[in-house]
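Engineer: The structure's right below; bear with me while I get my questions together.
The values are calculated or read from the model by the stated rules, or taken from the named source; none is laboratory data. What you see is a predicted model; the values in this text were computed from it and never measured. Counting neighbours? That spans all protein chains shown, and the Cβs are built from the backbone with ideal geometry, glycine included.
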């Protein structure tokens, strides 16, 4: 019977073998054993393929570059509650606004009464020295003056600073910020 498994038999000749297989118990048992070995071999191939796939995936997990977090590059700071009376300093009892070092674009909602136009923007340290400087343009949008500017806060060390905003030729209006 094992010789049959290794050769292809035309369908017309197979009928007499199928009749014999159905009536001969030893031949049927041998046929079932051959079938089990073929299934086991097929299962081994599948399991081996699966093991190779799992090993490749594990290797990829170990060797891939470390996961990088994508941070928001646009910071929106609402300065409307930080407005002060004309000639008065900005209230110091307000909490600092947090801004990430990953920031590349600023959108500042300026205090009530701010005008449209060009502005200077600076990150100022405790002594008033400029750590970073940029320029931007403020425009009225939905009844709010919004100042947009491109910045690069990556070189600024984490800590407490003042965000200085002014129209060219005027004094800085300062707002407390915390760079993280």
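Engineer: I'd like to know if segment 89-97 contains one or more residues that are over 28 Å from the mean Cα position of the chain (by Cα), modelled with pLDDT of 90 or more and exposed (fewer than 14 other Cβ atoms within 10 Å of the Cβ).
Structural biologist: There is no residue in segment 89-97 that is over 28 Å from the mean Cα position of the chain (by Cα), modelled with pLDDT of 90 or more and exposed (fewer than 14 other Cβ atoms within 10 Å of the Cβ).
Engineer: Hey, another quick one. Is it the case that residue 106 is part of a strand (DSSP E or B) and either touching a helix residue (DSSP H, G or I) at 6+ places or on another chain (Cβ under 7 Å) or assigned by TED's automatic domain parsing to the domain that holds residue 81 (or both)?
Structural biologist: In short, yes.
Engineer: Scan segment 153-160 and give yes if some residue there is under 33 Å from the mean Cα position of the chain (by Cα), part of a strand (DSSP E or B) and touching a residue at least 12 places away in the same chain (Cβ under 8 Å), otherwise no.
Structural biologist: yes
Engineer: What is the residue count in segment 165-180 for residues that are in a strand (DSSP E or B) and loosely packed, with under 14 Cβ neighbours inside 10 Å?
Structural biologist: Here the count works out to 1.
Engineer: Has segment 106-116 got at least one residue that is over 20 Å from residue 74 (Cβ atoms), out of contact with any strand residue (DSSP E or B) (no Cβ under 9 Å at 6 or more places or on another chain) and loosely packed, with under 12 Cβ neighbours inside 10 Å?
Structural biologist: No: segment 106-116 contains no residue that is over 20 Å from residue 74 (Cβ atoms), out of contact with any strand residue (DSSP E or B) (no Cβ under 9 Å at 6 or more places or on another chain) and loosely packed, with under 12 Cβ neighbours inside 10 Å.
Engineer: Let me ask another. Only residues that are within 11 Å of residue 164 (Cα to Cα) and part of a loop (DSSP other than H, G, I, E, B): list them for segment 128-143, please.
Structural biologist: Passing the criteria: 128, 129.
Engineer: Across segment 72-88, which residue is modelled with the highest pLDDT among those that are exposed (fewer than 10 other Cβ atoms within 10 Å of the Cβ) and at negative phi?
Structural biologist: This residue is 85.
Engineer: Okay, next question. If residue 124 meets every condition in (1) farther than 18 Å from residue 111 by Cα; (2) surrounded by fewer than 14 Cβ atoms within 10 Å (Cβ to Cβ) apart from one, which number is that one?
Structural biologist: Unmet condition: (2).
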